[in-house]
Amino acid sequence: MKKSINKQLVLSVVLILVCFLIAVKALSSITTVIFDSRQTVCLDPGHGGDDVGAVYKNNSRFEKDDNLKLALKVKEELEKKDIKVLMTREDDTYVSLKSRCKTANRGKADLFVSLHRNSSSDGTGIEIWIKDKPTPDEEKLANDILAGLKGASDIPARGIKKGYRDSSGNNYYVNANTNMASCLAEVGFISNEKDNEDFDKNIDAYAKAIADAICKNLR
């Protein structure tokens, strides 16, 4: 009789222990899900593949390559800060504007930053584009990125621009069709030799400045 009671006691203890371990594992899984919901940023290296973007003399330099180099460095800086990063492309691939926006929207990104280089016969400097009627969050994001790049650069800051470059009243597609605060950064003119030298010399500082500015705008 005594052996039977001891056996039942042992079985009860084992059962309680098993239930406890199952509960701990379940709670651990829930905790992991809760705390894995990190802030998410979508980085968009403009152009890619057959869409080379703006070019330097004799096609010796393509905008698509500079955009990707910078975006990958920004990604690295953000991941150091435990920020989740979505990339619209991570190699030399063509991606439609619609697909870029889908990546950000489906991934429920908190911020969207598109990276580009500018081009003109005599232009120089950095400018940030936001919607014609931006939200306060978009204006802050753009201003923080511009301030950061200005501090990392020897070329002029051209300011915050609204809408689209042709004054048509439209917006850049990626600004108009993303569901979160967004901006498009033109990081110097690829058509300008000095801007290119500055880009190459300061690309790490550019990436850190952009990442730091982004972090200031995450809640």
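The values are calculated or read from the model by the stated rules, or taken from the named source; none is laboratory data. Bear in mind the structure is a predicted one, so any value in this text is a computation, not a measurement. Cβ atoms come from the backbone with ideal geometry, glycine included; neighbour counts cover every protein chain shown.
Here are the numbers:
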{"item": "Test: residue in the range 200-211 that is assigned to a strand (DSSP E or B) and at pLDDT 95 or above", "result": "no"}
{"item": "Cross-chain or 6+ apart pairs with Cβ under 7 Å, the range 193-219 first and more than 23 Å from Gly123 (Cβ to Cβ), then assigned to a helix (DSSP H, G or I) and basic (Lys, Arg)", "result": "Asp204/Lys73; Asn217/Lys140"}
{"item": "Failed item, numbered, when Val113 is tested on (1) of a type outside the set (Lys, Arg); (2) surrounded by 14 or more Cβ atoms within 10 Å (Cβ to Cβ); (3) free of Cβ contacts under 8 Å to residues at least 40 places away in the same chain", "result": "(3)"}
{"item": "Residue in the range 182-200 that is more than 15 Å from Glu63 (Cβ to Cβ) and under 15 Å from the mean Cα position of the chain (by Cα) present", "result": "yes"}
{"item": "Residue, nearest to Ala205 (Cα to Cα), within the range 64-119, restricted to residues that are of a type in the set (S, T, N, Q) and under 13 Å from the mean Cα position of the chain (by Cα)", "result": "Asn67"}
{"item": "Every residue from the range 128-145 that is in contact (Cβ under 8 Å) with a residue 24 or more places away in the chain and either crowded, with 23+ Cβ neighbours inside 10 Å or assigned to a helix (DSSP H, G or I) (or both)", "result": "Ile128, Trp129, Ile130, Asp137, Glu138, Lys140, Leu141, Ala142, Asp144, Ile145"}
{"item": "Residue that is farthest from Asn192 (Cα to Cα) [pool: residues in the range 99-146 that are in contact with a helix residue (DSSP H, G or I) (Cβ under 7 Å, 6 or more places away or on another chain) and among the aliphatic types (A, V, I, L, M)]", "result": "Leu111"}
{"item": "Residue ID - modelled with the highest pLDDT, chosen from residues in the range 14-59 that are more than 21 Å from the chain's Cα centre (by Cα), closer than 30 Å to Ile83 by Cβ and not aliphatic (A, V, I, L, M)", "result": "Lys25"}
{"item": "Any pair with Cβ under 6 angstrom, 6 or more apart, that starts in the range 61-79 at a residue that is free of Cβ contacts under 8 Å to residues at least 24 places away in the same chain and ends at one that is part of a helix (DSSP H, G or I) and surrounded by fewer than 23 Cβ atoms within 10 Å (Cβ to Cβ)", "result": "none"}
{"item": "Matching entry among Asn175, Asn171, Asn105 (being out of contact with any strand residue (DSSP E or B) (no Cβ under 6 Å at 6 or more places or on another chain), surrounded by 14 or more Cβ atoms within 10 Å (Cβ to Cβ), among the polar types (S, T, N, Q) and assigned to a helix (DSSP H, G or I))", "result": "Asn105"}
{"item": "The range 46-89, residues that are in a loop (DSSP other than H, G, I, E, B) and at negative phi", "result": "Gly46, Asp50, Val52, Ala54, Tyr56, Ser60, Arg61, Lys81, Ile83, Thr88, Arg89"}
{"item": "Options Thr124, Thr93: the member that is surrounded by fewer than 21 Cβ atoms within 10 Å (Cβ to Cβ), in contact with a Pro (Cβ under 8 Å, 6 or more places away or on another chain) and part of a loop (DSSP other than H, G, I, E, B)", "result": "Thr124"}
{"item": "Boolean, Lys98 is surrounded by 14 or more Cβ atoms within 10 Å (Cβ to Cβ) and of a type in the set (Lys, Arg)", "result": "no"}
